Structures are given as structure tokens and as C-alpha cells.
């Protein structure tokens, strides 16, 4: 019987995507006769924008067996309880998308329906007052959740804000200790097999050929293998996500780091703020049709908390994804697979998902097209649902009279998002699928935060006497406030358990 197992994997490109892939694959194939080689060039810089994450990153790190405290120290990380949105409804408005819920179901009915009933009866307390993670963020507090489901401290999760470059270095150390080989070199050609069009080797500037059975393309926006060699094609989503440029700049820390990322609406897009232990990451994501690069840079620099530590670094992109993430014997991860902008910190999450699916559908040297089809279908669904969630932030804005915001509020929507919004406006529910990256509490935070109101609530909520419901929700708000106030300050927690030394190049 022929042994057709994969013997060699080459990861093209380092950075966050490349070293996440190498680290995870080295863990997956431990003990198997599979060599993993990362080919990257120090001459080619990494994007390094994605410094904020969502909670599944903790599962990725835990699967590798990383020590969380060591990881935090090595990447200058802080904790992230969610994202603060400023000015996305109307100018001056604010809401919070937290990584938690609004309480348990009551008689099988999600808690927001009971709150909508109370609101119709004149209740003035906001839904987010029932969210512990929101209250902790407002107070600048943090503590890890507990696994005890009886505790209010079990009702939320958290992610990290870290230096993506340091994270790449950290994973490189892990991968190399696990047997991964790194080759320095600039790729100048890609050799394809004549019989089936599979990638046979990448050719370096030195003339060296690096062959493999499976190639993982982490070469960034250019997609050196998936697009440059295989001409896979790109699905352009800029009609729905028209931002096409970003400027990124670090700044000095001012005050204690917040346990959340901020996204503040600007005239032609939005500005991010990501506090780390050693600095703050900032950027302006914008549409070049509505503002020029110089004006965007002035806007960004004028709205920093502390002094800029560098000049703004420009990025240009087209939102969308490859028509296939897996084509022949090439799997594209990260920016090589697609990009939808960093609004909800999903770039690293999509890398993680892609790695997970590759391990789930891991092929032999024949790379059965059925495996690629399954991978592409699953990845495509995840991209589309995240796309819809991002578009929902834009199309529900209330910034009337501003050309960019008027355009995104009145644009045609994907049918899938249109159905979600129509269902919510009619019933107060979403009709979401089980494979969502963002579940009902996340959608509620955004839609209600931007004043999108349903016409009705689930009438099963009427079964509970109004006075009893009012008393129960009041108790919930009191418990949430008390638990938040009892939690340590975010900066104090870091100082006590996981303070990082200043990086050598600070």
C-alpha cells in the first residue's frame, strides 16, 4: 500500500499568520515524520496592525500549551473585555460591545425580551446595566471569570490586546523549539507541476528551491501563491465595506490602560485605540473617496492621547476574500486569504479558524478536492457572517448629513444581513446560526447601541407578573454593580500578576 502522507509543509511568510500556522501545525503533527519550514524575508515587513483579539484566542493559546502569564509578559499584553464605540450612532453617542451576556434566560426566554417588555412599561435602566463585563469596563476593572455557573463572575469572557510583532516572535520561539525550521530568503519565483498545476517549489533570490507537499500562503495582501501563482481570484466586498486605507501609529501611554479597545467614528471612517503595557496602538481606517491621506494623517495625530512614537504608517487594501482559500495544494491564511478591516478584531480570529479547519481536513499529498471544498465552504460562511456583522455597524449609523456615513447607511445590503435585520426589527430576535463568531448579545450591543429597535418582543415574556420581573431585573443590576466594584483595577491586576519588562527596543 502506497504511503501518501504529507512529508513536508512550507509556510510562505512569517508574521502573525505564518508563525501561528507553524506553531499550531508543529503541535498537531508532533511525533509524525513531517517537516515544517517557514520561508520569510527580513526585507519584507509585516502589517502588524492586528493587536486586538476576541476571546477564542485563549483557546488557541491553551491548545498550544502556552502559559498565559508568560505570554502576556512576552507580548506586552493587556486584557480586553470588549470594544467601546464612540459616535457610531449619532455624534457624541457611546455604547459598549462586551464579551458577556445580559443575564440568564427567564422561563426559557432570553433576558433582553424581558428588558424590552420593561422598557415598554416605562423602565429607564439600560440593557447594558445588566452586563457585568460592561460595568467592569466602565469602571476600569478586571478579574478573570470563574467556571462556577452560579456566580455572576461566570457570565463573561475576555481576550487580549498585544503587540502583534512580539506575538509573532513568541510563537516563532515555540515553533522552532518544536522542530520548525526557518529559512531566510526572498521568493522570486514559484514552480508549478506540469501535470496538475500544484505548487512544486518556491525559488529564492539565492537560487535555492524549497519544495513541499503542502504550502500555506501567509504572504499578506499580495497572496504570492494563492493569487500570484494560482490565479485564484478575489471577491471584492468594497461595495459594502468601502474603507480602503489605514494609517497606523503608536503613541506613549497616558494613564492606566483601559481593559477594552476603542473605535471612534471620524468623518470618513473610524479611529482605533488599543492600550498595551508599553505603548498605545492607534490607527485611522478610512475611505479615500471622502478624505485624502494628508488630512487623514492630521486627523489621526490630532486625536492621540499621548505623543506619537513614529510617523503614521500607511496601508492600502480592498475588502473581500479569495474565491478559494484552499486551491490545489495551497491554503491561504491571514491577509493572503482576505481582509475585512479591523473593526471587530477578527483578523487573528480568522487565521485561527483557518488553521483549525486545515487540521480538521488535513490532506495527504493528493489534496483531495473534496477536502478543499469542505474547507472553502466552512471558511466562506465564517467570512460572510463576520462581514455582515461589520456592515451592520455602518448601515445602522445615525450620522445624517455626513457624506461617507450617509453613503454606508443607504447602501444596498447582502441578502443575508437584510434578513437578519428584518427579523430583529420585527421580533427582537436574530435567527443566528450555530457557527457565528458573534452571538446574540454581540448583535444586541451593536443594534440597540445604534438605536435600532424591534417592533415587538417575545410575548412569552408576558407570563411573569410585571412587578416580579421589575424586582428581579433590579436585583440583577445591583449584583452586577456590586461585583464590578469589588473587582480590582485593570492596571492593578496587571501590576500584581503579569507586568511585563520594557522591551529592549522601547
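The values are calculated or read from the model by the stated rules, or taken from the named source; none is laboratory data. Because the structure is a prediction, the values reported are computed rather than measured. As a convention, Cβ positions derive from the backbone with ideal geometry for all residues, glycine included, and neighbour counts pool all protein chains shown.
Within the range 218-233, the set of residues being touching a helix residue (DSSP H, G or I) at 6+ places or on another chain (Cβ under 9 Å), surrounded by 14 or more Cβ atoms within 10 Å (Cβ to Cβ) and either assigned to a loop (DSSP other than H, G, I, E, B) or not assigned by TED's automatic domain parsing to the domain that holds residue 14 (or both) comprises 218, 219, 223, 232. When each of 191, 175, 201 is tested for being modelled with pLDDT of 95 or more and not in a strand (DSSP E or B), the lone residue that passes is 175. Kindly indicate whether any position in the range 113-125 is crowded, with 19+ Cβ neighbours inside 10 Å and either modelled with pLDDT under 95 or under 26 Å from the mean Cα position of the chain (by Cα) (or both). So far as the range 113-125 goes, no, none of its residues is crowded, with 19+ Cβ neighbours inside 10 Å and either modelled with pLDDT under 95 or under 26 Å from the mean Cα position of the chain (by Cα) (or both). Any chance the range 362-373 includes a residue that's closer than 29 Å to residue 248 by Cβ, surrounded by fewer than 20 Cβ atoms within 10 Å (Cβ to Cβ) and at pLDDT 95 or above? No: zero hits. Does the range 321-334 contain any residue that is modelled with pLDDT of 95 or more, within 24 Å of the chain's Cα centre (by Cα) and assigned to a helix (DSSP H, G or I)? Scanning the range 321-334, I find at least one residue that is modelled with pLDDT of 95 or more, within 24 Å of the chain's Cα centre (by Cα) and assigned to a helix (DSSP H, G or I), so the answer is yes. Filtered by the rule that a residue be in a loop (DSSP other than H, G, I, E, B), out of contact with any strand residue (DSSP E or B) (no Cβ under 9 Å at 6 or more places or on another chain) and modelled with pLDDT of 95 or more, the range 430-456 gives 451, 452, 453, 454, 455, 456. Of all the listed residues (394, 457), the sole one being over 26 Å from the mean Cα position of the chain (by Cα), farther than 30 Å from residue 67 by Cβ and crowded, with 19+ Cβ neighbours inside 10 Å is 457.
Looking at the structure I just gave you, is residue 90 surrounded by fewer than 22 Cβ atoms within 10 Å (Cβ to Cβ) and not assigned by TED's automatic domain parsing to the domain that holds residue 464? For residue 90, the condition - surrounded by fewer than 22 Cβ atoms within 10 Å (Cβ to Cβ) and not assigned by TED's automatic domain parsing to the domain that holds residue 464 - is met.
What number of residues within the range 235-253 are touching a helix residue (DSSP H, G or I) at 6+ places or on another chain (Cβ under 7 Å) and either free of Cβ contacts under 8 Å to residues at least 60 places away in the same chain or within 22 Å of residue 376 (Cα to Cα) (or both)? Number satisfying all stated conditions: 3. Among the residues of the range 475-506, those that are assigned to a helix (DSSP H, G or I), surrounded by fewer than 18 Cβ atoms within 10 Å (Cβ to Cβ) and out of contact with any helix residue (DSSP H, G or I) (no Cβ under 9 Å at 6 or more places or on another chain) comprise 475, 478, 486, 492, 495, 496. The set of residues from the range 354-375 being under 10 Å from residue 327 (Cα atoms) and in contact (Cβ under 8 Å) with a residue 60 or more places away in the chain comprises just one member, 367. Being in contact with a strand residue (DSSP E or B) (Cβ under 7 Å, 6 or more places away or on another chain) and touching a residue at least 40 places away in the same chain (Cβ under 8 Å) is true of residue 225.
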